[in-house]
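Beneath this line is the structure, given in structure tokens, with notes to follow.
The values are calculated or read from the model by the stated rules, or taken from the named source; none is laboratory data. Quantities reported herein were computed from a predicted structural model and do not represent experimental measurements. No Cβ is skipped: glycine too gets one built from the backbone with ideal geometry, and neighbour counts run over all protein chains shown. Ligands, DNA and RNA are stripped out before the accessible areas are found, and what is left, the full protein with its side chains, is counted by its heavy atoms. Shrake-Rupley method; radii C 1.70, N 1.55, O 1.52, S 1.80 Å.
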Amino acid sequence: MIIGIGYIAQKINILNHDRVYLISRILVNIAIPAITISSMQVPHTPATMSIVDNMLLVAGGYYIAAFLVSILICHFLPSTPAEKGVYQFMLVFPNTMFMGLPVASAVLGPNSLFYVILFNLPFNLLVFTMGVWLLAQGRPGKFDLKVMLSPGLVASVLGLALFLAGYMLPTIVNQGLDLIGSTTTPLAMLVVGALLATLPVSQLAGDWRVKLIAGFRLVIFPVIAFIVLSPFIADKLLLGVAVLLIAMPVASNSVLLSEEYKVDSTLASQGVFLSTVLCLATIPILMYLL
């Protein structure tokens, strides 16, 4: 629905290109760093630390494997340099936070939320390092490491340091970060809708390459993850959360960061739109079968 509102807002010139870019900058430089820090505010206990180790191992293993597979797939996928980075980003990074949290709570219960937050620790760090690197490679000129020095990366490092130190921010500070961060999902969906509105209706879902990426993102990756992980993980909730999060659609960050670093944000919007629509069918089916 929010994507539709963004679509209409662009058509009636409420969200023109300059305003979409401004919203993207606010999200990338303020809202996402805020939710990054607040999501890492997880208390330490002896029981939770065992879960922490296992989930971080699973999440780290997923991102390494997904990155390597994305290199292989995009090597054979016809694309421009700017498109290649966006395709790789869409393959590697699922929407584990903004869709992962509510979906996991609904499907697996409130006890799953701690596992979701843990899975997002590597995401928060990698999306502003590896993710930015993937996207920025497609920009004209020589790659500059300075593009990776962003508020998102600073927030990821700070949040991880606070987590490892076991330091909990004062309640008023954490609530403020939560409030700012809560704007991320609706504003990101408005941006996606506004960018899609610049395309003919026939191009909203992208071409066969976008559909291929969505197939890997929504079906192939989670099925492989279940096959690989199930013999080794006794904690059924941990296994369920990991597979569910890997089955999430393309991260909305792909659109925001593509807009921020001036690569193909329209392509990213197509990936987010198509995978988000399709996941309404694929997630229930996967959870039933697996």
**Report entry** Any chance S258 is open to solvent by less than 10 Å² (accessible area, probe 1.4 Å), closer than 21 Å to L72 by Cβ, part of a helix (DSSP H, G or I) and not acidic (D, E)
**Finding:** no
**Report entry** Options M168, M248: the member that is outside any helix (DSSP H, G or I), in contact (Cβ under 8 Å) with a residue 24 or more places away in the chain and open to solvent by 40 Å² or more (accessible area, probe 1.4 Å)
**Finding:** M168
Query raised in the report: Is there any pair linking a residue in region 266-287 that is within 16 Å of L256 (Cβ to Cβ) and of a type in the set (S, T, N, Q) to one that is outside any helix (DSSP H, G or I) and at pLDDT 85 or above, with Cβ under 8 Å and at least six apart or on different chains, and which?
Result: S275/P249; S275/V250; T276/N95; T276/P249; T276/V250
Query raised in the report: If A234 satisfies every condition in (1) at pLDDT 90 or above; (2) closer than 25 Å to Y115 by Cα; (3) of a type in the set (G, A, S) but one, which is the exception?
Result: (1)
Query raised in the report: Can you name every residue in region 48-74 that is free of Cβ contacts under 8 Å to residues at least 60 places away in the same chain and open to solvent by 70 Å² or more (accessible area, probe 1.4 Å)?
Result: D53, L57, I64, L68, I71, L72
**Report entry** Flag for I224 being within 18 Å of the chain's Cα centre (by Cα) and part of a helix (DSSP H, G or I)
**Finding:** no
Query - Enumeration of residues in region 22-56 that are polar (S, T, N, Q) and farther than 21 Å from L244 by Cα - result: S24, N29, S38, Q41, T45
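For region 1-49, please list each of the helices (runs of 4 or more DSSP H) lying entirely inside it that holds at least 2 residues being closer than 19 Å to A165 by Cβ.
The qualifying helices (runs of 4 or more DSSP H) are 32-39.
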Query raised in the report: Filtering region 260-290 down to residues that are within 15 Å of the chain's Cα centre (by Cα) and not aliphatic (A, V, I, L, M), which residue is farthest from L149 (Cα to Cα)?
Result: C279
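What number of residues in region 261-290 are assigned to a helix (DSSP H, G or I) and open to solvent by 50 Å² or more (accessible area, probe 1.4 Å)?
10
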Query raised in the report: Does any residue of region 6-24 turn out to be surrounded by 17 or more Cβ atoms within 10 Å (Cβ to Cβ), modelled with pLDDT under 85 and within 16 Å of the chain's Cα centre (by Cα)?
Result: yes
